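Just below is one structure, and these are the notes that go with it.
The values are calculated or read from the model by the stated rules, or taken from the named source; none is laboratory data. Predicted model only: the values in this text are computed from it and were never measured. For neighbour counting, all protein chains shown are included, and Cβ atoms are generated from backbone atoms with ideal geometry for every residue, glycine included. Areas reflect the complete protein model, heavy atoms only, side chains present, ligands, DNA and RNA absent. Shrake-Rupley method; radii C 1.70, N 1.55, O 1.52, S 1.80 Å.
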Amino acid sequence: MILVTSATGNIGRRLVRELHGAGFAVRATTRNPGGADLPAGVEVVHGDLADPSSLRDAFAGVDGVFLLGSPGDVPGMLHLAAEEGVRRVVLVSSLLAETHPDSFIGSGALAGEKAVRDSGLAWTVLRPWEFTSNALWWAPSIREHGSVYSHEVPEGSQVVDPADIAAVAARALTEPGHERRIHPLTGPERLTVARRVAVLSEELARPVEFVELSTEQARQRMLRYMPAGIVEDMLSTEGGDPGLPDTVRRITGRPARTFRQWAREHVEAFR
Ligand SMILES: NC(=O)c1ccc[n+]([C@@H]2O[C@H](COP(=O)([O-])OP(=O)(O)OC[C@H]3O[C@@H](n4cnc5c(N)ncnc54)[C@H](OP(=O)(O)O)[C@@H]3O)[C@@H](O)[C@H]2O)c1
């Protein structure tokens, strides 16, 4: 049995589908089992990352567990998992742990990784760069005004599709050779915000305007809906260059998915 926590999230939903489709027994946690809408045959149970004790029953009889590094109490969850006989864990950390270890997200990610290494379980750490799915933050503004207000990332960002993170997680949970490994994950290309907006516009077949904000304007906007530490990371760490590691192809045998592939699959969210 494999336990996928945060099963309704950007990575979790794809991972559940992938494991279930490949014939593995899957248990999935969410804070709202009634609204989870996961495939028939997947066991869906309640679980809250902020409350490790809510996961105790979910760990029973589980071989491998998929965990997000945040939100949540990673040491607490791992302690319970070990007590319940879980053998391996795959943790989603962040590439900021490598490129900006002192940042808010980077230092939190490193703390989660330390907890995993200290857990006594067989561990694999996934370190993704920025997700393609963060573009969903622009969906209300695109739907309502046909525009995106954002600061620019002149050097571009190698955004990674959560579907690729899920594909690598599925291998790490079910195949040998991933124990004590850290897998850096990026998309296949560097894209500015303007380019990502242009791709969305092309997929929607209607104009979408990109309105570039100054750093201060972007800060004030983001502070309305994000914690200050994350806002500062988003405004200051994008210049860090994690390169273009070939991890997705090396582990799954197929190239990393492009932003356009992600946009095409999610275009309805922007209409
Ligand atoms: N977004 C990025 O660019 C990025 C980059 C690198 C690393 N990461 C890491 O990737 C992970 C996933 O990020 P994401 O933005 O894509 O998130 P997400 O998967 O959309 O959301 C997290 C999921 O966690 C579940 N959850 C369980 N307990 C929760 C709680 N107490 N509070 C909030 N959610 C809870 C939620 O499912 P239910 O509502 O069904 O319970 C939700 O679906 C995070 O650990 C993040 O640090 C993100």
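Answer yes or no as to whether Ser53 is touching a helix residue (DSSP H, G or I) at 6+ places or on another chain (Cβ under 8 Å), away from the ligand (no atom under 11 Å from the Cβ) and at pLDDT below 95. When the stated conditions are applied, Ser53 passes them. Take Leu110 and decide whether it is within 15 Å of the ligand (Cβ to nearest atom) and either of a type in the set (Phe, Trp, Tyr) or touching a residue at least 24 places away in the same chain (Cβ under 8 Å) (or both). Here the answer is no, as Leu110 does not meet what is asked.
All of (1) under 23 Å from Arg117 (Cβ atoms); (2) under 19 Å from the mean Cα position of the chain (by Cα) hold for Glu18 with one exception: (1).
Taking the criterion of being assigned to a loop (DSSP other than H, G, I, E, B) and either small (Gly, Ala, Ser) or farther than 30 Å from Phe259 by Cβ (or both), the residues of the stretch 82-130 that qualify are Glu84, Gly85, Val86, Arg87, Ser93, Ser94, Ser103, Asp118, Ser119, Gly120, Leu121. Within the stretch 71-85, can one find any residue that is away from the ligand (no atom under 15 Å from the Cβ), open to solvent by 60 Å² or more (accessible area, probe 1.4 Å) and in contact with a strand residue (DSSP E or B) (Cβ under 9 Å, 6 or more places away or on another chain)? No, the stretch 71-85 contains no residue that is away from the ligand (no atom under 15 Å from the Cβ), open to solvent by 60 Å² or more (accessible area, probe 1.4 Å) and in contact with a strand residue (DSSP E or B) (Cβ under 9 Å, 6 or more places away or on another chain).
Residue-by-condition table, conditions (1) open to solvent by 40 Å² or more (accessible area, probe 1.4 Å); (2) farther than 28 Å from Thr252 by Cα; (3) within 7 Å of the ligand (Cβ to nearest atom):
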position: Ala22; (1), (2), (3): yes, no, no
position: Ala36; (1), (2), (3): no, no, yes
position: Phe59; (1), (2), (3): no, no, no
position: Leu67; (1), (2), (3): no, no, no
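Scoring Leu136 on the criteria (1) surrounded by fewer than 19 Cβ atoms within 10 Å (Cβ to Cβ); (2) of a type outside the set (D, E, K, R); (3) touching a residue at least 24 places away in the same chain (Cβ under 8 Å); (4) within 30 Å of Ala82 (Cα to Cα) leaves a single failure, condition (4).
You will find that of Pro162, Pro184, the residue that is closer than 20 Å to Arg254 by Cβ and open to solvent by less than 10 Å² (accessible area, probe 1.4 Å) is Pro162 and no other. With respect to (1) open to solvent by less than 30 Å² (accessible area, probe 1.4 Å); (2) modelled with pLDDT of 95 or more; (3) closer than 30 Å to Glu203 by Cβ, the lone exception for Phe131 is condition (1).
Under the condition of being more than 16 Å from the ligand (Cβ to nearest atom) and either assigned to a loop (DSSP other than H, G, I, E, B) or of a type in the set (A, V, I, L, M, F, W, C) (or both), the residues counted in the stretch 149-172 number 3. Has the stretch 7-24 got at least one residue that is among the acidic types (Asp, Glu), in contact (Cβ under 8 Å) with a residue 60 or more places away in the chain and more than 22 Å from Ala82 (Cα to Cα)? Yes. The sole residue among Thr247, Thr215 that is open to solvent by 20 Å² or more (accessible area, probe 1.4 Å) and β-branched (Val, Ile, Thr) is Thr215.
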